[in-house]
1. For a quick check of your reading of the model, give me the residue pairs whose first member lies in the stretch 250-266 and is within 16 Å of I186 (Cα to Cα) and without any contact (Cβ under 8 Å) to a residue 40 or more places away in the chain, whose second is in a helix (DSSP H, G or I) and open to solvent by 20 Å² or more (accessible area, probe 1.4 Å), with beta-carbon atoms closer than 6 Å and at least 6 apart or on different chains.
2. Could you tell me whether the stretch 65-80 includes any residue that is open to solvent by 30 Å² or more (accessible area, probe 1.4 Å), more than 16 Å from the ligand (Cβ to nearest atom), assigned to a helix (DSSP H, G or I) and among the β-branched types (V, I, T)?
3. Note down all Cβ pairs under 7 Å where the first residue falls in the stretch 338-355 and is among the small types (G, A, S), the second is assigned to a loop (DSSP other than H, G, I, E, B), and they're at least six residues apart or on different chains.
4. Exactly one of (1) more than 16 Å from the ligand (Cβ to nearest atom); (2) surrounded by 17 or more Cβ atoms within 10 Å (Cβ to Cβ) is unmet by E120. Its number?
5. Taking the stretch 15-59 on its own, how many of its residues are assigned to a loop (DSSP other than H, G, I, E, B) and either within 16 Å of the ligand (Cβ to nearest atom) or open to solvent by 30 Å² or more (accessible area, probe 1.4 Å) (or both)?
6. Out of all the residues in the stretch 231-244, is one or more open to solvent by less than 30 Å² (accessible area, probe 1.4 Å), among the aliphatic types (A, V, I, L, M) and farther than 25 Å from Q182 by Cβ?
7. Mind listing just one residue for me: the one in the stretch 179-217 that is assigned to a helix (DSSP H, G or I) and open to solvent by 30 Å² or more (accessible area, probe 1.4 Å) and, of those, nearest to the ligand (Cβ to nearest atom)?
8. For the stretch 93-106: of the residues being open to solvent by less than 10 Å² (accessible area, probe 1.4 Å), within 12 Å of the ligand (Cβ to nearest atom) and part of a helix (DSSP H, G or I), which is modelled with the highest pLDDT?
Amino acid sequence: MLAPYAAHAASSRGRRHPEASPANRSEYQRDRDRIIHSAAFRRLEYKTQVFINHEGDLFRTRLTHSIEVAQIARSIARALGLNEDLTEAIALAHDLGHTPFGHSGQEALNECLHDQGGFEHNLQSLRVVDVLEERYAEFPGLNLTFETREGILKHCSPKKARELGELGKRFLEKTQPGLEAQLVNIADEIAYNNHDVDDGLRSELLTIDQLEHVSLFSGRYQEVMRRYPDIPPRRAIYETIRRMINHVVTDLIENSRRRISLAEIKTIEDARRHSEALIAYTPEVAEQSRELKRFLRQNLYAHEQVTRIMGEAVKVVHELFESFMRTPASLPPQYREKLREQNETREQARIVADYIAGMTDRYAMREHARLFPDG
Ligand code: MG
């Protein structure tokens, strides 16, 4: 079933700590299973995507977002003959390194670590699967395959890339990752563009009138209203979003298939060596997708009601960080121990950042209330 240019487990670049092959699963299924059993994966349930977890039960969380990314990515992988197990593993792991409180949380933590190497959620996802999960007797982290780790690491500065060895190489040589990794990157964008329209309308921070100026939405919405003039508003929105996803997914599958064939890609190594990403939209749909992204950035992510709550979140992250750096005794025992083994401030700050980044929204609030009882 697998296309020749897909990732084949038999020719995997392997794991950092060699292990015998699993008996009744593929290597990439094993990766997926380890990700699902990790603590970081369970915490995604209580981490903000755009809306803080307690704002409503129907909004996306990092967990439901990751599951939607996996669903979209797997459908496309199957259509293109790519490796579904690897695709699913990358999708479920892609946001494991996110801090509490979404992008505001990550920016706040990045500021805290300004002089200590900074904080970047993408690199943190890799750190979670490589070191921070402590579940197995024989190795640190989840010991995932090279291909899953390659997919998790979407971007990387040249300096970090040099530290990462083989995994960082492509950022220095400016080559591509395998096709499954390219695919999950776009499936992530398809998922959030569409579910943020849904959540934005549900929260009433966005209106249909506004969205009628966005071509990806308006084209589909007019189709729906023409065909079902008496449809109730909520169903019209769902029907529109379903058509939006279909529209971009179909374009992506057909265009990528064409590009792979034109470039005569025969193996995953051909795909890695190719000068640009092969999993890509046509220019028209790429532009529609950029337009929607811009719209969401200006009207939803920067909405006063979203940024006001996030302002408080930034304060929580800063105060937690300063407090733990000042008084390591208030850290949980396992972090206190790790901190004691380090003499450099840089290393100590990294351990505190690991602790904060791992927190769910509500756990961060609770820790903050414990350390700052007067608010
Ligand atoms: Mg994501």
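The values are calculated or read from the model by the stated rules, or taken from the named source; none is laboratory data. The model shown is predicted, which means the values in this text are computed figures rather than measured ones. Ideal geometry is used to build each Cβ from the backbone, glycine not excepted, and the neighbour counts take in all protein chains shown. Protein only, heavy atoms only, side chains kept; ligands, DNA and RNA dropped before computing areas. Shrake-Rupley method; radii C 1.70, N 1.55, O 1.52, S 1.80 Å.
1. That search, which allows pairs on different chains as well, returns nothing.
2. In the first step, residues of the stretch 65-80 are kept if they are open to solvent by 30 Å² or more (accessible area, probe 1.4 Å); the result is 67-68, 71, 74-75, 78-79.
The next check asks that each one be more than 16 Å from the ligand (Cβ to nearest atom); those that pass are 75, 78-79.
Adding the requirement that they be assigned to a helix (DSSP H, G or I) leaves 75, 78-79.
Now restrict to residues that are among the β-branched types (V, I, T): none.
So far as the stretch 65-80 goes, no, none of its residues is open to solvent by 30 Å² or more (accessible area, probe 1.4 Å), more than 16 Å from the ligand (Cβ to nearest atom), assigned to a helix (DSSP H, G or I) and among the β-branched types (V, I, T).
3. A349/L113; A353/L113; A353/F119
4. Here E120 meets the rest and fails (1).
5. Residues of the stretch 15-59 that are assigned to a loop (DSSP other than H, G, I, E, B), as a first pass: 16-26, 37-38, 47, 49-52, 56-59.
Narrowing the set further to residues that are either within 16 Å of the ligand (Cβ to nearest atom) or open to solvent by 30 Å² or more (accessible area, probe 1.4 Å) (or both) leaves 16-21, 23-26, 37, 47, 49-51, 57-59.
Residues in the stretch 15-59 being assigned to a loop (DSSP other than H, G, I, E, B) and either within 16 Å of the ligand (Cβ to nearest atom) or open to solvent by 30 Å² or more (accessible area, probe 1.4 Å) (or both): 18 in total.
6. Within the stretch 231-244, the subset open to solvent by less than 30 Å² (accessible area, probe 1.4 Å) is 236-237, 240-241, 244.
Then drop every residue that is not among the aliphatic types (A, V, I, L, M), which leaves 236-237, 241, 244.
From the residues that got through so far, the ones that are farther than 25 Å from Q182 by Cβ too are 236-237.
Yes, the stretch 231-244 contains at least one residue that is open to solvent by less than 30 Å² (accessible area, probe 1.4 Å), among the aliphatic types (A, V, I, L, M) and farther than 25 Å from Q182 by Cβ.
7. Our first condition is that a residue be assigned to a helix (DSSP H, G or I); within the stretch 179-217, this holds for 179-202, 208-211, 215-217.
If we keep only those that are open to solvent by 30 Å² or more (accessible area, probe 1.4 Å) too, we end up with 185, 189, 192, 202, 208-210, 215.
Numbers: N185: 10, E189: 8, Y192: 6, R202: 19, I208: 26, D209: 28, Q210: 24, S215: 24 Å.
Among those that are assigned to a helix (DSSP H, G or I) and open to solvent by 30 Å² or more (accessible area, probe 1.4 Å), it is Y192.
8. Taking the candidates together, the pick is A93.
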